[in-house]
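Remarks on the structure that follows.
The values are calculated or read from the model by the stated rules, or taken from the named source; none is laboratory data. Model, not experiment: these values are computed from the prediction. Virtual Cβ from ideal backbone geometry, glycine too; neighbours counted across all protein chains shown. Quick note on the areas: whole protein, heavy atoms, side chains included, nothing else; ligands and nucleic acids left out. Shrake-Rupley method; radii C 1.70, N 1.55, O 1.52, S 1.80 Å.
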Amino acid sequence: MNHLKIHTGEKPFECPQCGKRFTKKSNLLEHLRVHTECGKCFKNKSHLVEHRRTHTGEKPFPCSECGKGFTNKSRLLEHLRIHTGEKPFSCSQCGKSFTKKSNLVIHQRSQRHL
């Protein structure tokens, strides 16, 4: 019976949080894990896991140089630039370099007003 729903397009199981519909109840139950108790919704499980760390305080990625912990590997790698001195993001106007792309963007926005 469930298989026929694939062909008919019938999706009787609706998520009460976002309205997304599913052919099987088990798929709905799996989907519900992407919603958190704080009302945020995530497209994949890894983003949900990472978000939950902001609530639990878990920081499983420690810096080998100073011991500071991070919620994900990319933030750790970004932090390591402080220790290495790497500044891969450079302003095309003045040549000033930054460790984070967001800092370069802020710099570029402020330079437009000068």
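Some observations on this one:
- Accessible surface of the chain [probe 1.4 Å, protein heavy atoms]: carbon and sulfur percent: 52
- Dipole in debye (nearest 20) - the chain, about Cα centre, beta carbon charges: Lys, Arg +1; Asp, Glu -1: 220
- Farthest positive-ward along the chain dipole, Cα basis, beta-carbon charges - from Pro62, Asn103, Phe42: Asn103
- Using the Cβ of Thr71 as centre and a radius below 11 Å, the other residues enclosed give a net charge of +3, where K and R count +1 and D and E count -1.
- Residue of Thr54, Thr71, Thr84 that the Gaussian network model of the chain assigns the largest fluctuation, springs spanning Cα pairs under 10 Å: Thr84
- Label of the coordinate-derived value, Kirkwood radius over Cα pairs in Å, listed as (1) 18.2; (2) 14.1; (3) 14.8: (1)
- Listed residues His47, His55, His35, most fluctuating in the chain (Gaussian network, C-alpha, under 10 Å): His55
- Principal-axis tilt of helix 73-84 within the chain, Cα atoms, nearest 10 degrees: 10
- Legend: calculated FRET efficiency, Lys96 to Gln17, from the Cβ-Cβ distance at R0 = 41 Å, rounded to 0.05, equals 0.35.
- For the stretch 99-110, putting each phi into the Karplus relation 6.51 cos²θ - 1.76 cosθ + 1.60 with θ = phi - 60° gives couplings of 7, 10, 4, 4, 5, 5, 4, 4, 4, 5, 5, 5 Hz, in residue order, rounded to whole numbers and with x for Gly and Pro.
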